[in-house]
1. From the residues in segment 141-153 that are in contact with a Ser or Thr (Cβ under 8 Å, 6 or more places away or on another chain) and not basic (Lys, Arg), which one is nearest to Pro78 (Cα to Cα)?
2. Based on what the data block shows, is Ala7 of a type outside the set (Phe, Trp, Tyr), in a loop (DSSP other than H, G, I, E, B) and modelled with pLDDT under 95?
3. If the requirement is being under 19 Å from Glu112 (Cα atoms), modelled with pLDDT under 95, of a type outside the set (D, E, K, R) and surrounded by 12 or more Cβ atoms within 10 Å (Cβ to Cβ), which of these qualifies: Val45, Val34, Val18, Val52?
4. Please note which helices (runs of 4 or more DSSP H) are completely contained in segment 39-152 and include at least 1 residues that are touching a residue at least 12 places away in the same chain (Cβ under 8 Å) and over 19 Å from the mean Cα position of the chain (by Cα).
5. Would you say Ser60 is at pLDDT below 95 and surrounded by fewer than 15 Cβ atoms within 10 Å (Cβ to Cβ)?
6. Tell me the residue from Ser156, Ser147, Ser107 that is hydroxyl-bearing (Ser, Thr, Tyr) and crowded, with 21+ Cβ neighbours inside 10 Å, please.
Amino acid sequence: MTTHAPAGIGETSNKKGVIAWGLWDWGSASYHAVIVTFIFSVYLVEGVGADVPGPLRASSWLGLSSAAGAIFIAILAPALGRGSDDSGARKKTLFGLTMAVIVVMLSLFFVENDWHFLWYGLVMMAAGSVIFELASVPYFAMLRQVSTPKNVGWVSGFGWAMGYL
C-alpha cells in the first residue's frame, strides 16, 4: 500500500506564485490588527468619540458603522467576484482595491482627537473594511490559480500562516 504525503510548496505549484499570493495575507494582516482591533478603533472610541453628544456612545456608533459596512460587503462581494472571475482581472482588481485600502488608511491620519472628527473616522473605517473585504474576494479566488487539488490545503494554510508573521 502506498501512502501519499500532501504536496508542499514547489511540488506541484509555482513557488514564486505561492509566495507572492501569501505575501498579500502577510501585508494585509496589519489592517485588522492596527486599524480594526487594537489601535485605531480604540483611539476612535475612547479618544475622539469620548465626548460625543447624544444618547449613543462612540462604541455604539462604531458598531453601527461596522454593520452598515457589512451590509455593503454582502451586497457588493458577489457581483465583484463574478465580475473579476468573468473578466479574468483578479490581480488587477486585487491591486486596485489594495491601493484603495492604503488610501483609506492614510486618510485616518486626519482624524483629530475631537468628537467632531468621529463621523469622518467612522466613515473611513467602514469604507476601509468594505474595500478590504472586497479585496479578499479576488485574493481567495486566486487560490485555485496558485495551487492544485493536491496541495490546496497546504497553500491555503501557508497564506493563513503568513498573516500571523
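The values are calculated or read from the model by the stated rules, or taken from the named source; none is laboratory data. Note that the structure is a prediction, hence the values are computed from the model and not measured. In this analysis, Cβ positions are derived from the backbone assuming ideal geometry, glycine residues included, and neighbour counts consider all displayed protein chains.
1. Ala141
2. The answer is yes for Ala7.
3. Going through Val45, Val34, Val18, Val52 in turn, just one is under 19 Å from Glu112 (Cα atoms), modelled with pLDDT under 95, of a type outside the set (D, E, K, R) and surrounded by 12 or more Cβ atoms within 10 Å (Cβ to Cβ): Val34.
4. Hits in segment 39-152: 58-87, 118-141, 143-146.
5. no
6. Ser147
Residue-wise test of (1) more than 30 Å from Lys16 (Cα to Cα); (2) at pLDDT 95 or above.
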{"position": "Ala68", "(1), (2)": "yes, yes"}
{"position": "Met99", "(1), (2)": "no, yes"}
{"position": "Leu122", "(1), (2)": "yes, yes"}
{"position": "Ser147", "(1), (2)": "no, no"}
